[in-house]
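Here's the structure we're looking at; comments come further down.
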Amino acid sequence: MHAKASKALALSQLFMLAEATLKPRLPDGLGLTPHMGWSSWNTGQCDAASEQYALDAANQFVELGLKDLGYEYVNIDDCWSTTARDESGNLVPDPAKWPNGIPAVIDQIHELGLKFGLYGCAGEMTCASFPGSWGHEEQDAQLLASWGVDFWKHDACFTPCTTSPNPQTCWDGSIDTKPWYGTMRDALQGVADTKAILFNICQWGRNEVWTWGADYGHSWRIESDNWGDWDSVIRIGAHAGDLAQYGGPGGFNDLDMLFVGNGVLTEAQERLHFGLWAIAKSPLVIGTDLTTIGESSLNILKNKDIIDINQDELGIPAGYFQPSNADAPVAGQLYPYWAGELSNGTVVAFAAAAGANTYSVSFADVPGLEAGTYNWKELYSGEEGSGEELSFDVAQDDIAIFRVTPA
Ligand code: GAL
């Protein structure tokens, strides 16, 4: 693309960003920055949906200094309930996993100054075949509020479908998932006076959810699962690069739970994974056992400079931009060049999924910046510099993330 055209595109993107940021979101005022926490799912799937895991995670938040950095939600995903509702139609915590019941665990977590989240499903069953909320939305919202639940993730398995051969994830491309999320949103808003509950939409990016999710929930998954491999990080990250304009305070693109500390990615890949999620203003939800996490992974999750970018009050996601000397992005590949506005500067990142390289951009090419001299700090290495352009060596699969301020 010609330099001028690329700059014009960047400016129009900025206007769209501003518009998205000012768009009315849910009236409860929750989720003004992406939520941060831990979830049982990537940690140990069904086995981790228990009291023990929840309390361990909460205690580790305090112990490891994660709470002080903003990690707050301890979220239990699928498989926490029994396989049937009780005679009143209420969901029942599995007594083997919750020997003291869920409210007692929530009290302990609240006493630590933390929050507790649960998972459910828009369909008749959850993805792992536990009872779903279909037809029980108001009843479930009342139960959650009575327990003091702070967060609800609403999945999309076993919903009505006519043509798909797979009832678990049934999808023929034409189903409108919006009404399912509207019903649960209204049920949760109906109990908001008793208990404000952060609402996470999980329908894997169907119906271009990013274009309407902000009116329905506080965050929405943009893709199918992060399966914990490098391909997932590339697939989800590459998609997020194009969706920056849709996130803003009160409603964020959810790139899915993290796989940092699970022994599947290299250290460089974990840096890129966490860094991209953070600058794209995704919720940052740890998905590993915090009682055994390794030091280098923990250090990545505890990078305060990068967390500060994720939690910046403007809530503007970084997205792709094309420098005048670079080729255009290719669909499905992770483009190296990212930028986004911050309340006190600009974030610029070089993501080296395509190979080790010396990446260079002139600040004049960065959306929102004029030609001129800027100071920069790279937030993983701490390296600092100043100049009219930014040039940095990035190793294969690694990322460099800069906070840029006028000199
Ligand atoms: C999937 C969802 C995952 C996890 C899982 C539980 O549909 O995308 O994040 O919640 O269900 O069964």
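Any residue at all in the range 179-194 that is in a helix (DSSP H, G or I) and of a type in the set (S, T, N, Q)? Yes, some residue in the range 179-194 is in a helix (DSSP H, G or I) and of a type in the set (S, T, N, Q).
Residues that are within 15 Å of the chain's Cα centre (by Cα) and within 20 Å of residue 62 (Cβ to Cβ) do occur in the range 250-265. Test each condition in (1) crowded, with 19+ Cβ neighbours inside 10 Å; (2) farther than 20 Å from residue 42 by Cα for residue 232 and report the one that comes out false. The single condition residue 232 does not satisfy is (2). Condition check: in a strand (DSSP E or B) and surrounded by fewer than 23 Cβ atoms within 10 Å (Cβ to Cβ). Does residue 292 satisfy that? For residue 292, the condition - in a strand (DSSP E or B) and surrounded by fewer than 23 Cβ atoms within 10 Å (Cβ to Cβ) - is not met. Selection of the range 201-227 for residues being farther than 24 Å from residue 33 by Cβ and away from the ligand (no atom under 11 Å from the Cβ) yields 206, 207.
Cβ-Cβ contacts under 8 Å between residues 6 or more apart (or on different chains), taken from a first residue in the range 76-100 that is touching a residue at least 24 places away in the same chain (Cβ under 8 Å) and among the small types (Gly, Ala, Ser) to a second residue that is away from the ligand (no atom under 16 Å from the Cβ) and in a loop (DSSP other than H, G, I, E, B), are listed as 81/92; 84/92; 89/136. Taking the range 14-123 and the strands (runs of 3 or more DSSP E) fully enclosed by it, the elements with 1 or more residues that are out of contact with any helix residue (DSSP H, G or I) (no Cβ under 6 Å at 6 or more places or on another chain) and either farther than 30 Å from residue 316 by Cβ or not assigned by TED's automatic domain parsing to the domain that holds residue 167 (or both) are at 115-121.
When you scan the range 300-340, how many residues do you find that are in a strand (DSSP E or B) and farther than 19 Å from residue 260 by Cβ?
Initially, the range 300-340 is screened for residues in a strand (DSSP E or B), giving 319-320, 337-340.
Keeping just the survivors that are farther than 19 Å from residue 260 by Cβ gives 319-320, 337, 339-340.
Residues flagged as in a strand (DSSP E or B) and farther than 19 Å from residue 260 by Cβ within the range 300-340 amount to 5.
Counting only residues that are among the small types (Gly, Ala, Ser) and crowded, with 18+ Cβ neighbours inside 10 Å, the range 103-127 holds 4 of them. Residues that are among the acidic types (Asp, Glu) and exposed (fewer than 11 other Cβ atoms within 10 Å of the Cβ) within the range 363-390 comprise just one, 370. Filtering the range 84-135 to residues that are aliphatic (A, V, I, L, M), more than 23 Å from the chain's Cα centre (by Cα) and within 16 Å of the ligand (Cβ to nearest atom) leaves 91, 125. Scanning the range 228-251 for residues that are outside any loop (DSSP other than H, G, I, E, B), within 16 Å of the ligand (Cβ to nearest atom) and either farther than 14 Å from residue 334 by Cβ or touching a helix residue (DSSP H, G or I) at 6+ places or on another chain (Cβ under 6 Å) (or both) yields one hit, 233.
Reported count of residues in the range 158-201, each being surrounded by fewer than 20 Cβ atoms within 10 Å (Cβ to Cβ), farther than 18 Å from residue 135 by Cα and touching a residue at least 60 places away in the same chain (Cβ under 8 Å), is 2.
The values are calculated or read from the model by the stated rules, or taken from the named source; none is laboratory data. Keep in mind the model is a prediction, meaning the values are calculated, not measured. Backbone-built Cβ (ideal geometry, glycine too); neighbour counts: all protein chains shown.
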